[in-house]
Amino acid sequence: MAGLELLSDQGYRLDGRKATELRKVQARMGVFAQADGSAYLEQGNTKALAVVYGPHEMRGSRSRTLHDRALINCQYSMATFSTAERKRRPHGDRKSTEMSLHLKQTFEAAVMTQLYPRSQIDIYVKILQSDGGNYSTCVNAATLAVIDAGIPMRDYVCACTVGFVDETPLADLCYAEESGGVSSLALALLPRGGQIALLQMDARLHQDHLETLIEAAMTACKGVSKVLDEVVRQHLQEVSVLTGE
Amino acid sequence: MATVQVSEAEKVYILHGIRDDLRVDGRGCEDYRHMEIETDVVSNTDGSAKVTLGHTAVLVGIKADIGKPRPLVPNEGYLEFFVDCSANATPEFEGRGGEELGTELSNTLYKVFNNKHSVDLKSLCICPGEHCWVLYVDVLLLQCDGNLYDAISIAIKAALFNTKIPRVRISTDEEGGKEIELSDDPYDCMRLNVENVPCIVTLCKVGHRHVVDATLQEKACSVASLIISVTHKGTVTCTRKVGGGSLDSESIFEMTELHHSCFTLSESIHLLSRPGSGWSSTST
(Lines give C-alpha, C1' and ligand atoms only; values in the text may rest on other atoms or scores of the structure.)
Protein backbone atom coordinates (compact mmCIF):
# COMPACT_ATOMS: atom_id res chain seq x y z
CA MET A 1 0.00 0.00 0.00
CA ALA A 2 3.01 2.29 -0.29
CA GLY A 3 2.24 5.48 -2.13
CA LEU A 4 -1.50 5.42 -1.38
CA GLU A 5 -2.45 8.39 0.74
CA LEU A 6 -4.94 7.86 3.48
CA LEU A 7 -6.15 11.43 3.06
CA SER A 8 -5.52 13.24 -0.20
CA ASP A 9 -4.94 16.97 -0.52
CA GLN A 10 -8.51 17.53 -1.64
CA GLY A 11 -9.75 15.83 1.48
CA TYR A 12 -10.74 12.44 0.00
CA ARG A 13 -9.94 9.09 1.58
CA LEU A 14 -9.00 5.80 -0.08
CA ASP A 15 -12.58 4.87 -0.85
CA GLY A 16 -13.62 8.37 -1.90
CA ARG A 17 -15.26 9.44 1.33
CA LYS A 18 -14.68 12.71 3.09
CA ALA A 19 -13.08 12.73 6.54
CA THR A 20 -16.32 12.80 8.54
CA GLU A 21 -18.38 10.63 6.23
CA LEU A 22 -19.62 7.24 7.43
CA ARG A 23 -19.91 4.16 5.26
CA LYS A 24 -23.33 3.09 4.05
CA VAL A 25 -25.27 1.34 6.80
CA GLN A 26 -27.91 -1.21 5.83
CA ALA A 27 -29.68 -3.31 8.40
CA ARG A 28 -32.50 -5.80 8.81
CA MET A 29 -34.11 -7.02 11.99
CA GLY A 30 -35.79 -10.31 12.69
CA VAL A 31 -33.84 -12.39 10.17
CA PHE A 32 -34.11 -15.64 12.12
CA ALA A 33 -37.35 -17.01 13.49
CA GLN A 34 -35.88 -19.41 16.02
CA ALA A 35 -33.87 -16.92 18.06
CA ASP A 36 -35.52 -14.46 20.41
CA GLY A 37 -33.99 -11.53 18.56
CA SER A 38 -31.76 -11.25 15.53
CA ALA A 39 -30.37 -8.59 13.24
CA TYR A 40 -28.09 -8.32 10.25
CA LEU A 41 -26.11 -5.17 9.67
CA GLU A 42 -23.76 -4.06 6.91
CA GLN A 43 -21.47 -1.12 7.38
CA GLY A 44 -19.78 -0.70 4.01
CA ASN A 45 -18.20 -4.07 3.35
CA THR A 46 -18.21 -5.24 6.96
CA LYS A 47 -21.15 -7.57 7.58
CA ALA A 48 -22.24 -8.73 11.01
CA LEU A 49 -25.01 -11.01 12.20
CA ALA A 50 -26.20 -10.71 15.79
CA VAL A 51 -28.49 -13.14 17.60
CA VAL A 52 -29.97 -12.77 21.08
CA TYR A 53 -31.37 -15.54 23.27
CA GLY A 54 -33.04 -14.54 26.46
CA PRO A 55 -33.73 -13.62 29.09
CA HIS A 56 -33.77 -17.25 30.15
CA GLU A 57 -32.76 -19.40 33.05
CA MET A 58 -29.07 -19.65 33.87
CA ARG A 59 -27.36 -22.30 31.81
CA GLY A 60 -24.10 -23.89 32.75
CA SER A 61 -22.63 -22.72 36.03
CA ARG A 62 -25.35 -21.80 38.51
CA SER A 63 -22.70 -20.20 40.69
CA ARG A 64 -22.50 -17.25 38.34
CA THR A 65 -26.10 -16.28 38.99
CA LEU A 66 -26.51 -12.68 40.09
CA HIS A 67 -29.25 -12.26 42.64
CA ASP A 68 -30.32 -8.79 41.62
CA ARG A 69 -29.75 -8.56 37.89
CA ALA A 70 -29.39 -10.55 34.69
CA LEU A 71 -26.06 -11.90 33.51
CA ILE A 72 -25.07 -10.85 30.01
CA ASN A 73 -23.09 -13.45 28.10
CA CYS A 74 -21.49 -12.44 24.82
CA GLN A 75 -19.60 -14.36 22.22
CA TYR A 76 -17.84 -12.77 19.29
CA SER A 77 -16.69 -14.96 16.42
CA MET A 78 -15.63 -14.50 12.86
CA ALA A 79 -16.50 -16.74 9.96
CA THR A 80 -13.42 -18.48 8.58
CA PHE A 81 -13.99 -16.91 5.19
CA SER A 82 -14.52 -13.39 6.53
CA THR A 83 -10.98 -12.11 6.20
CA ALA A 84 -8.75 -11.96 3.15
CA GLU A 85 -6.49 -14.63 4.64
CA ARG A 86 -8.55 -17.61 5.71
CA LYS A 87 -8.91 -17.71 9.48
CA ARG A 88 -8.36 -21.16 10.96
CA ARG A 89 -10.25 -20.80 14.24
CA PRO A 90 -13.54 -18.96 14.27
CA HIS A 91 -13.36 -18.16 17.97
CA GLY A 92 -11.38 -19.03 21.05
CA ASP A 93 -8.32 -17.01 20.18
CA ARG A 94 -7.28 -14.07 22.32
CA LYS A 95 -8.66 -11.37 20.08
CA SER A 96 -12.14 -12.92 20.00
CA THR A 97 -12.17 -13.41 23.76
CA GLU A 98 -11.18 -9.79 24.27
CA MET A 99 -13.89 -8.60 21.89
CA SER A 100 -16.46 -10.73 23.71
CA LEU A 101 -15.50 -9.09 26.99
CA HIS A 102 -15.79 -5.63 25.45
CA LEU A 103 -19.22 -6.42 24.09
CA LYS A 104 -20.29 -7.67 27.51
CA GLN A 105 -19.07 -4.50 29.14
CA THR A 106 -20.82 -2.34 26.56
CA PHE A 107 -24.18 -4.01 26.92
CA GLU A 108 -24.08 -4.20 30.68
CA ALA A 109 -24.11 -0.41 30.59
CA ALA A 110 -27.14 -0.20 28.35
CA VAL A 111 -29.45 -3.14 29.06
CA MET A 112 -31.74 -2.74 32.07
CA THR A 113 -30.58 -5.88 33.76
CA GLN A 114 -32.23 -5.15 37.13
CA LEU A 115 -35.54 -6.13 35.59
CA TYR A 116 -34.47 -9.78 35.20
CA PRO A 117 -32.68 -11.04 38.31
CA ARG A 118 -31.19 -14.53 38.32
CA SER A 119 -31.45 -14.91 34.56
CA GLN A 120 -29.14 -14.82 31.58
CA ILE A 121 -29.15 -12.94 28.31
CA ASP A 122 -26.99 -14.39 25.50
CA ILE A 123 -25.71 -12.16 22.71
CA TYR A 124 -23.88 -13.91 19.89
CA VAL A 125 -22.29 -11.90 17.11
CA LYS A 126 -20.76 -13.36 13.99
CA ILE A 127 -18.73 -11.40 11.46
CA LEU A 128 -19.45 -12.66 7.95
CA GLN A 129 -17.16 -10.28 6.14
CA SER A 130 -14.50 -8.13 7.69
CA ASP A 131 -13.41 -4.79 6.27
CA GLY A 132 -12.46 -2.74 9.33
CA GLY A 133 -14.59 -1.45 12.18
CA ASN A 134 -15.46 -4.95 13.37
CA TYR A 135 -16.20 -3.89 16.92
CA SER A 136 -18.51 -1.04 15.91
CA THR A 137 -20.45 -3.13 13.43
CA CYS A 138 -20.91 -5.80 16.10
CA VAL A 139 -22.22 -3.34 18.64
CA ASN A 140 -24.64 -1.78 16.17
CA ALA A 141 -25.93 -5.16 15.03
CA ALA A 142 -26.26 -6.37 18.61
CA THR A 143 -28.25 -3.27 19.58
CA LEU A 144 -30.78 -4.02 16.86
CA ALA A 145 -30.93 -7.66 17.90
CA VAL A 146 -31.55 -6.78 21.55
CA ILE A 147 -34.33 -4.42 20.47
CA ASP A 148 -35.77 -7.17 18.27
CA ALA A 149 -35.79 -9.49 21.28
CA GLY A 150 -37.83 -6.96 23.21
CA ILE A 151 -35.29 -6.55 26.01
CA PRO A 152 -35.52 -3.05 27.51
CA MET A 153 -32.49 -0.82 27.12
CA ARG A 154 -31.71 2.64 28.41
CA ASP A 155 -30.85 3.90 24.94
CA TYR A 156 -29.47 2.70 21.61
CA VAL A 157 -25.82 1.75 21.79
CA CYS A 158 -23.97 3.08 18.77
CA ALA A 159 -20.33 2.55 18.09
CA CYS A 160 -17.81 3.92 15.68
CA THR A 161 -14.10 3.60 15.09
CA VAL A 162 -12.24 6.82 14.34
CA GLY A 163 -8.66 7.46 13.38
CA PHE A 164 -6.32 10.43 13.29
CA VAL A 165 -4.32 11.29 10.18
CA ASP A 166 -2.70 14.61 9.22
CA GLU A 167 -4.35 16.56 12.04
CA THR A 168 -7.77 15.35 10.83
CA PRO A 169 -10.01 12.82 12.50
CA LEU A 170 -11.36 10.19 10.07
CA ALA A 171 -14.70 8.62 10.96
CA ASP A 172 -15.54 4.94 10.39
CA LEU A 173 -12.25 3.38 9.34
CA CYS A 174 -12.03 0.63 6.78
CA TYR A 175 -9.48 -2.19 6.88
CA ALA A 176 -6.93 -0.44 4.67
CA GLU A 177 -6.96 2.59 6.95
CA GLU A 178 -6.81 0.55 10.15
CA SER A 179 -3.81 -1.42 9.00
CA GLY A 180 -2.14 1.62 7.47
CA GLY A 181 -0.76 2.80 10.79
CA VAL A 182 -3.55 5.15 11.84
CA SER A 183 -4.11 5.71 15.57
CA SER A 184 -7.60 4.31 15.92
CA LEU A 185 -10.06 4.80 18.74
CA ALA A 186 -13.25 2.78 19.24
CA LEU A 187 -16.12 4.41 21.04
CA ALA A 188 -19.52 3.07 22.09
CA LEU A 189 -22.03 5.76 22.95
CA LEU A 190 -25.54 6.06 24.38
CA PRO A 191 -26.53 9.02 22.21
CA ARG A 192 -29.35 10.71 24.11
CA GLY A 193 -27.41 11.42 27.25
CA GLY A 194 -24.01 11.44 25.59
CA GLN A 195 -22.84 8.64 27.91
CA ILE A 196 -19.80 6.65 26.82
CA ALA A 197 -20.17 2.90 27.33
CA LEU A 198 -16.78 1.88 26.04
CA LEU A 199 -13.68 3.77 24.96
CA GLN A 200 -10.67 1.95 23.65
CA MET A 201 -7.50 3.02 21.97
CA ASP A 202 -4.17 1.28 21.78
CA ALA A 203 -2.01 3.45 19.61
CA ARG A 204 0.10 6.54 20.16
CA LEU A 205 -1.70 9.83 20.13
CA HIS A 206 -0.71 13.23 21.48
CA GLN A 207 -2.99 14.26 24.32
CA ASP A 208 -3.88 17.55 22.60
CA HIS A 209 -5.61 15.59 19.88
CA LEU A 210 -7.55 13.31 22.21
CA GLU A 211 -10.45 15.66 22.77
CA THR A 212 -10.93 16.36 19.04
CA LEU A 213 -10.88 12.67 18.34
CA ILE A 214 -13.47 11.85 20.99
CA GLU A 215 -15.69 14.68 19.75
CA ALA A 216 -15.47 13.34 16.20
CA ALA A 217 -16.30 9.84 17.44
CA MET A 218 -19.34 11.09 19.33
CA THR A 219 -20.63 12.94 16.27
CA ALA A 220 -20.18 9.85 14.13
CA CYS A 221 -22.01 7.69 16.70
CA LYS A 222 -24.91 10.13 16.76
CA GLY A 223 -25.07 9.79 12.97
CA VAL A 224 -25.22 6.00 13.31
CA SER A 225 -27.95 6.25 15.93
CA LYS A 226 -30.17 8.14 13.49
CA VAL A 227 -29.82 5.33 10.97
CA LEU A 228 -30.53 2.64 13.58
CA ASP A 229 -33.59 4.53 14.78
CA GLU A 230 -34.88 4.68 11.21
CA VAL A 231 -34.37 0.93 10.79
CA VAL A 232 -36.23 0.13 14.01
CA ARG A 233 -39.17 2.34 13.13
CA GLN A 234 -39.44 0.88 9.67
CA HIS A 235 -39.31 -2.66 11.03
CA LEU A 236 -42.05 -1.85 13.53
CA GLN A 237 -44.18 -0.40 10.78
CA GLU A 238 -43.76 -3.51 8.65
CA VAL A 239 -44.56 -5.81 11.54
CA SER A 240 -47.64 -3.85 12.59
CA VAL A 241 -48.95 -3.89 9.02
CA LEU A 242 -48.56 -7.66 8.96
CA THR A 243 -50.33 -8.15 12.28
CA GLY A 244 -53.12 -5.88 11.13
CA GLU A 245 -52.86 -3.03 13.59
CA MET B 1 -27.82 -32.25 16.68
CA ALA B 2 -29.49 -29.62 18.78
CA THR B 3 -32.30 -31.34 20.58
CA VAL B 4 -35.83 -30.38 21.47
CA GLN B 5 -37.84 -31.82 24.32
CA VAL B 6 -40.85 -33.69 22.96
CA SER B 7 -43.44 -35.06 25.35
CA GLU B 8 -44.85 -38.58 25.06
CA ALA B 9 -48.20 -37.34 23.86
CA GLU B 10 -46.56 -35.28 21.12
CA LYS B 11 -44.51 -38.29 20.05
CA VAL B 12 -47.60 -40.44 19.73
CA TYR B 13 -49.34 -37.69 17.76
CA ILE B 14 -46.42 -37.38 15.34
CA LEU B 15 -46.14 -41.16 14.95
CA HIS B 16 -49.80 -41.60 14.17
CA GLY B 17 -49.74 -38.73 11.71
CA ILE B 18 -46.77 -40.15 9.85
CA ARG B 19 -48.40 -43.57 9.75
CA ASP B 20 -51.20 -41.91 7.77
CA ASP B 21 -48.76 -39.94 5.54
CA LEU B 22 -49.56 -36.64 7.20
CA ARG B 23 -46.85 -34.73 9.04
CA VAL B 24 -47.29 -31.93 11.56
CA ASP B 25 -46.84 -29.17 8.98
CA GLY B 26 -49.09 -30.84 6.42
CA ARG B 27 -46.39 -32.40 4.27
CA GLY B 28 -46.38 -35.95 3.00
CA CYS B 29 -43.59 -38.34 3.94
CA GLU B 30 -41.63 -37.62 0.77
CA ASP B 31 -41.98 -33.85 0.64
CA TYR B 32 -39.25 -31.35 1.31
CA ARG B 33 -39.81 -28.04 3.03
CA HIS B 34 -39.67 -24.76 1.17
CA MET B 35 -36.11 -24.25 -0.02
CA GLU B 36 -34.30 -21.07 -0.98
CA ILE B 37 -30.87 -21.02 -2.55
CA GLU B 38 -28.87 -17.89 -3.08
CA THR B 39 -25.36 -17.65 -4.50
CA ASP B 40 -22.67 -14.99 -4.39
CA VAL B 41 -23.59 -13.77 -0.91
CA VAL B 42 -20.14 -13.10 0.52
CA SER B 43 -18.12 -10.97 -1.82
CA ASN B 44 -14.59 -11.62 -0.63
CA THR B 45 -14.75 -15.37 -1.18
CA ASP B 46 -14.23 -17.13 -4.48
CA GLY B 47 -17.64 -18.75 -4.28
CA SER B 48 -20.45 -18.72 -1.77
CA ALA B 49 -24.01 -19.89 -1.31
CA LYS B 50 -26.73 -19.67 1.29
CA VAL B 51 -29.44 -22.31 1.59
CA THR B 52 -32.57 -21.99 3.72
CA LEU B 53 -34.57 -25.19 4.14
CA GLY B 54 -37.56 -24.35 6.30
CA HIS B 55 -35.93 -23.03 9.46
CA THR B 56 -32.52 -24.51 8.74
CA ALA B 57 -30.07 -21.97 7.30
CA VAL B 58 -26.57 -22.79 6.07
CA LEU B 59 -23.94 -20.47 4.57
CA VAL B 60 -20.98 -21.88 2.62
CA GLY B 61 -17.93 -19.89 1.56
CA ILE B 62 -15.18 -21.28 -0.67
CA LYS B 63 -11.71 -19.82 -0.84
CA ALA B 64 -9.18 -21.05 -3.38
CA ASP B 65 -5.56 -21.04 -2.37
CA ILE B 66 -2.39 -22.30 -4.00
CA GLY B 67 -0.74 -25.15 -2.15
CA LYS B 68 1.36 -28.24 -2.50
CA PRO B 69 -0.42 -31.33 -3.82
CA ARG B 70 -0.68 -34.49 -1.76
CA PRO B 71 2.33 -36.82 -2.27
CA LEU B 72 0.27 -39.80 -3.48
CA VAL B 73 -1.61 -37.82 -6.13
CA PRO B 74 0.78 -35.20 -7.46
CA ASN B 75 -1.37 -34.09 -10.38
CA GLU B 76 -4.56 -33.34 -8.46
CA GLY B 77 -5.75 -30.54 -6.22
CA TYR B 78 -7.91 -31.20 -3.17
CA LEU B 79 -10.76 -29.91 -1.03
CA GLU B 80 -10.64 -29.15 2.67
CA PHE B 81 -13.89 -29.02 4.65
CA PHE B 82 -14.59 -27.18 7.85
CA VAL B 83 -17.99 -27.00 9.49
CA ASP B 84 -18.56 -24.27 12.05
CA CYS B 85 -21.58 -24.84 14.27
CA SER B 86 -21.99 -21.30 15.49
CA ALA B 87 -23.71 -20.23 18.66
CA ASN B 88 -26.25 -18.37 16.48
CA ALA B 89 -27.98 -21.65 15.80
CA THR B 90 -28.55 -22.58 19.42
CA PRO B 91 -26.93 -21.54 22.71
CA GLU B 92 -25.73 -25.13 23.22
CA PHE B 93 -23.10 -24.50 20.55
CA GLU B 94 -21.42 -21.74 22.51
CA GLY B 95 -17.70 -22.05 23.08
CA ARG B 96 -16.65 -25.59 22.24
CA GLY B 97 -20.14 -27.05 22.38
CA GLY B 98 -20.54 -27.20 18.63
CA GLU B 99 -17.19 -28.83 17.92
CA GLU B 100 -18.39 -32.41 18.16
CA LEU B 101 -21.19 -31.94 15.69
CA GLY B 102 -18.93 -29.89 13.44
CA THR B 103 -16.29 -32.61 13.33
CA GLU B 104 -18.88 -35.27 12.59
CA LEU B 105 -20.33 -33.24 9.73
CA SER B 106 -16.96 -32.45 8.17
CA ASN B 107 -15.81 -36.08 8.41
CA THR B 108 -18.95 -37.16 6.58
CA LEU B 109 -18.28 -34.54 3.91
CA TYR B 110 -14.76 -35.86 3.41
CA LYS B 111 -16.20 -39.32 2.88
CA VAL B 112 -18.83 -38.07 0.46
CA PHE B 113 -16.29 -36.30 -1.72
CA ASN B 114 -13.59 -38.92 -1.45
CA ASN B 115 -13.89 -40.32 -4.94
CA LYS B 116 -12.63 -39.54 -8.41
CA HIS B 117 -15.90 -38.47 -9.95
CA SER B 118 -17.53 -35.84 -7.73
CA VAL B 119 -15.19 -32.98 -8.46
CA ASP B 120 -12.66 -33.00 -11.26
CA LEU B 121 -9.55 -32.68 -9.11
CA LYS B 122 -7.20 -32.83 -12.08
CA SER B 123 -8.47 -29.46 -13.27
CA LEU B 124 -7.21 -28.02 -9.99
CA CYS B 125 -3.64 -28.91 -10.80
CA ILE B 126 -1.27 -26.08 -11.76
CA CYS B 127 2.11 -27.74 -11.85
CA PRO B 128 2.24 -31.49 -11.12
CA GLY B 129 4.01 -32.21 -7.87
CA GLU B 130 4.61 -28.58 -7.00
CA HIS B 131 1.52 -26.39 -7.11
CA CYS B 132 -2.16 -27.03 -7.11
CA TRP B 133 -5.36 -25.29 -6.12
CA VAL B 134 -6.69 -26.13 -2.68
CA LEU B 135 -10.36 -25.30 -2.18
CA TYR B 136 -11.22 -24.51 1.44
CA VAL B 137 -14.92 -25.17 1.83
CA ASP B 138 -16.18 -23.48 5.01
CA VAL B 139 -19.68 -24.28 6.14
CA LEU B 140 -21.37 -21.99 8.64
CA LEU B 141 -24.49 -23.21 10.42
CA LEU B 142 -26.79 -20.27 11.02
CA GLN B 143 -30.01 -21.91 12.13
CA CYS B 144 -30.66 -25.52 13.00
CA ASP B 145 -34.02 -27.17 12.49
CA GLY B 146 -33.14 -30.66 11.37
CA ASN B 147 -31.85 -32.08 8.11
CA LEU B 148 -28.43 -30.52 8.25
CA TYR B 149 -26.77 -32.97 5.86
CA ASP B 150 -29.12 -32.20 3.00
CA ALA B 151 -28.90 -28.44 3.40
CA ILE B 152 -25.11 -28.54 3.65
CA SER B 153 -24.68 -30.70 0.56
CA ILE B 154 -26.97 -28.48 -1.50
CA ALA B 155 -25.16 -25.37 -0.31
CA ILE B 156 -21.78 -26.90 -1.19
CA LYS B 157 -22.97 -27.82 -4.65
CA ALA B 158 -24.30 -24.30 -5.22
CA ALA B 159 -21.13 -22.71 -3.87
CA LEU B 160 -18.90 -24.90 -6.04
CA PHE B 161 -21.00 -23.90 -9.01
CA ASN B 162 -20.48 -20.26 -8.08
CA THR B 163 -16.72 -20.60 -7.54
CA LYS B 164 -14.48 -18.65 -9.86
CA ILE B 165 -10.85 -19.74 -9.81
CA PRO B 166 -8.47 -17.27 -11.44
CA ARG B 167 -6.45 -18.55 -14.36
CA VAL B 168 -2.73 -18.89 -13.77
CA ARG B 169 0.24 -18.72 -16.08
CA ILE B 170 3.48 -20.39 -15.15
CA SER B 171 6.63 -18.74 -16.36
CA THR B 172 10.24 -19.62 -15.70
CA ASP B 173 12.54 -16.84 -14.63
CA GLU B 174 16.29 -16.53 -15.24
CA GLU B 175 17.49 -18.98 -12.59
CA GLY B 176 15.08 -21.65 -13.76
CA GLY B 177 12.68 -21.18 -10.85
CA LYS B 178 8.95 -21.16 -11.58
CA GLU B 179 6.84 -18.07 -11.18
CA ILE B 180 3.09 -18.16 -10.99
CA GLU B 181 1.18 -15.22 -12.39
CA LEU B 182 -2.48 -14.69 -11.71
CA SER B 183 -4.31 -12.91 -14.47
CA ASP B 184 -5.35 -9.34 -13.65
CA ASP B 185 -8.74 -9.53 -15.30
CA PRO B 186 -11.32 -10.45 -12.64
CA TYR B 187 -13.48 -12.15 -15.27
CA ASP B 188 -10.71 -14.37 -16.59
CA CYS B 189 -11.42 -17.36 -14.43
CA MET B 190 -12.12 -21.04 -14.52
CA ARG B 191 -15.41 -22.50 -13.36
CA LEU B 192 -15.87 -25.97 -11.94
CA ASN B 193 -18.04 -28.66 -13.44
CA VAL B 194 -20.45 -29.58 -10.68
CA GLU B 195 -22.60 -32.06 -12.60
CA ASN B 196 -21.35 -35.00 -10.61
CA VAL B 197 -21.26 -33.35 -7.20
CA PRO B 198 -23.46 -35.52 -5.01
CA CYS B 199 -26.37 -34.39 -2.89
CA ILE B 200 -27.11 -36.02 0.43
CA VAL B 201 -30.59 -37.32 1.16
CA THR B 202 -31.46 -38.18 4.75
CA LEU B 203 -34.26 -40.54 5.61
CA CYS B 204 -35.48 -40.94 9.16
CA LYS B 205 -37.31 -44.02 10.33
CA VAL B 206 -40.29 -42.88 12.39
CA GLY B 207 -42.48 -45.76 13.52
CA HIS B 208 -42.73 -48.04 10.49
CA ARG B 209 -42.51 -45.32 7.87
CA HIS B 210 -39.63 -43.32 6.52
CA VAL B 211 -39.69 -39.55 6.21
CA VAL B 212 -37.57 -37.20 4.18
CA ASP B 213 -36.42 -33.83 5.55
CA ALA B 214 -37.25 -34.40 9.19
CA THR B 215 -37.57 -31.45 11.53
CA LEU B 216 -36.02 -31.57 14.99
CA GLN B 217 -39.31 -32.70 16.49
CA GLU B 218 -39.63 -35.62 14.09
CA LYS B 219 -36.02 -36.54 14.68
CA ALA B 220 -36.72 -36.77 18.40
CA CYS B 221 -39.36 -39.39 17.61
CA SER B 222 -37.23 -41.35 15.19
CA VAL B 223 -35.22 -44.45 15.84
CA ALA B 224 -32.40 -43.93 13.38
CA SER B 225 -31.68 -42.33 10.03
CA LEU B 226 -29.92 -43.31 6.89
CA ILE B 227 -28.01 -40.81 4.81
CA ILE B 228 -27.11 -41.58 1.23
CA SER B 229 -25.18 -39.25 -1.00
CA VAL B 230 -26.13 -39.65 -4.61
CA THR B 231 -25.26 -37.91 -7.87
CA HIS B 232 -27.80 -36.99 -10.52
CA LYS B 233 -26.85 -40.04 -12.55
CA GLY B 234 -27.77 -42.27 -9.64
CA THR B 235 -24.26 -43.12 -8.46
CA VAL B 236 -24.04 -43.53 -4.72
CA THR B 237 -20.88 -42.16 -3.14
CA CYS B 238 -21.46 -42.66 0.55
CA THR B 239 -23.97 -44.38 2.82
CA ARG B 240 -24.18 -43.98 6.53
CA LYS B 241 -26.51 -44.86 9.31
CA VAL B 242 -26.74 -42.31 12.07
CA GLY B 243 -28.63 -42.40 15.29
CA GLY B 244 -28.86 -44.50 18.39
CA GLY B 245 -31.41 -47.09 17.32
CA SER B 246 -30.99 -50.10 15.09
CA LEU B 247 -32.45 -50.71 11.66
CA ASP B 248 -33.16 -54.07 10.13
CA SER B 249 -32.09 -54.89 6.61
CA GLU B 250 -35.57 -54.66 5.04
CA SER B 251 -35.86 -51.10 6.29
CA ILE B 252 -32.56 -50.25 4.67
CA PHE B 253 -33.64 -51.65 1.30
CA GLU B 254 -36.93 -49.81 1.49
CA MET B 255 -35.11 -46.61 2.28
CA THR B 256 -32.79 -47.08 -0.68
CA GLU B 257 -35.82 -47.39 -2.95
CA LEU B 258 -37.18 -44.18 -1.50
CA HIS B 259 -33.86 -42.46 -2.04
CA HIS B 260 -34.11 -43.15 -5.76
CA SER B 261 -37.31 -41.21 -5.95
CA CYS B 262 -35.80 -38.33 -4.01
CA PHE B 263 -32.63 -37.87 -5.97
CA THR B 264 -34.40 -35.84 -8.65
CA LEU B 265 -33.77 -33.05 -6.18
CA SER B 266 -30.08 -33.17 -6.95
CA GLU B 267 -30.83 -32.89 -10.65
CA SER B 268 -32.68 -29.62 -10.28
CA ILE B 269 -30.22 -28.06 -7.86
CA HIS B 270 -27.42 -27.09 -10.17
CA LEU B 271 -29.73 -25.47 -12.66
CA LEU B 272 -30.68 -22.84 -10.14
CA SER B 273 -28.24 -20.12 -9.37
CA ARG B 274 -28.58 -16.44 -9.60
CA PRO B 275 -26.25 -13.80 -8.16
CA GLY B 276 -27.99 -12.67 -5.01
CA SER B 277 -28.12 -9.11 -3.73
CA GLY B 278 -27.28 -9.28 -0.05
CA TRP B 279 -29.92 -11.24 1.80
CA SER B 280 -32.93 -10.71 -0.42
CA SER B 281 -34.40 -14.10 -1.07
CA THR B 282 -34.70 -16.08 -4.26
CA SER B 283 -36.81 -19.16 -3.94
CA THR B 284 -37.10 -22.42 -5.75
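The values are calculated or read from the model by the stated rules, or taken from the named source; none is laboratory data. Everything numeric here is computed off the predicted structure, so don't read it as measured data. Backbone-built Cβ (ideal geometry, glycine too); neighbour counts: all protein chains shown. For the accessible areas, the whole protein counts, side chains as well, though only heavy atoms, and no ligand, DNA or RNA atoms are used. Shrake-Rupley method; radii C 1.70, N 1.55, O 1.52, S 1.80 Å.
General remarks:
- For region A:54-106 and region B:80-111, distance of Cα centres in Å: 17 Å
- When B and A come together, around 2600 square angstrom of accessible surface is lost from both chains combined, probe 1.4 Å.
- Whole-Hz Karplus values for region B:19-25 come out as 4, 9, 6, 9, 8, 4, 9 Hz, taken residue by residue from phi with 6.51 cos²θ - 1.76 cosθ + 1.60 and θ = phi - 60°; glycine and proline positions read x.
- Relative contact order of chain B, defined on C-alpha pairs under 8 angstrom at six or more residues apart (%): 23 percent
- Contact order relative to length of region A:1-139, as percent, for alpha carbon pairs under 8 angstrom and 6 or more apart: 29 percent
- In terms of its C-alpha gyration tensor, region B:58-127 has a prolate overall shape, because the principal axis ratio a/c (a ≥ b ≥ c, square roots of the eigenvalues) is not below 1.5 and a/b outweighs b/c.
- Normalised convex hull volume, region A:25-243, alpha-carbon set, Å³ per residue: 135 Å³
- Helix B:148-162 axis, angle to chain B major axis (alpha carbon atoms, nearest 10°): 30 degrees
- Plainly put, chain B has a radius of gyration that is 1.02 times its Kirkwood radius, both from alpha-carbon atoms, as the Rg/Rh ratio.
- All Cα pairs of region B:45-166, percent lying beyond 17 Å: 57 percent
- Chain A, helix-only ellipticity at 222 nm - DSSP H runs n ≥ 4, -39,500 (n - 2.57), divided by all residues, nearest 500: -10000 deg cm²/dmol
- Cα gyration tensor, the protein assembly as shown - rounded (a/c under 1.5), prolate or oblate: oblate
- Taking the chain by itself as reference, region B:69-85 contains these residues with an accessible-area loss of 10 Å² or more in the full protein complex (1.4 Å probe, heavy atoms): B:F82, B:D84.
- Between region B:113-191 and region A:226-245, the Cα center-to-center distance that results, in Å: 42 Å
- Within the accessible area of region A:25-243 (1.4 Å probe), percent carbon and sulfur: 49 percent
- Within straight-line reach of B:K157, meaning a Cα separation under 16 Å, sit the following aspartates and glutamates at least 8 residues removed in sequence or on another chain: B:E36, B:E38, B:D40, B:D46, B:E80, B:D120, B:D138, B:E195, B:E267.
- Inter-site label distance for B:K233 and A:I196 at 7 Å from Cα along Cβ, in nm: 6.6 nm
- Residue mean of other protein chain beta carbons inside 10 Å, B:43-52: 3
- Accessible area per residue (1.4 Å probe, heavy atoms of protein chains only) ranks B:Y187, B:Y136, A:Y40 as B:Y187, B:Y136, A:Y40, with the largest value leading.
- Among B:C125, B:C29, the sequence by solvent-accessible area, most first, with a 1.4 Å probe is B:C125, B:C29.
- Shown for region A:25-243: lysine pairs separated by 8 or more places, or found on different chains, whose C-alpha atoms are under 25 Å apart, numbering 16.
- Distant-in-sequence amide H partners of A:A197 (H built 1.01 Å from N, under 5 Å): A:A188, A:L189, A:L190
- Chain A: relative contact order as a whole-number percent, Cα under 8 Å and 6+ apart: 21 percent
- The phi-based Karplus calculation (6.51 cos²θ - 1.76 cosθ + 1.60; θ = phi - 60°) puts the 3J(HN,Hα) values of region A:187-203 at 9, 10, 10, 9, x, 5, x, x, 8, 9, 8, 8, 9, 9, 8, 9, 8 Hz, whole numbers, x for Gly and Pro.
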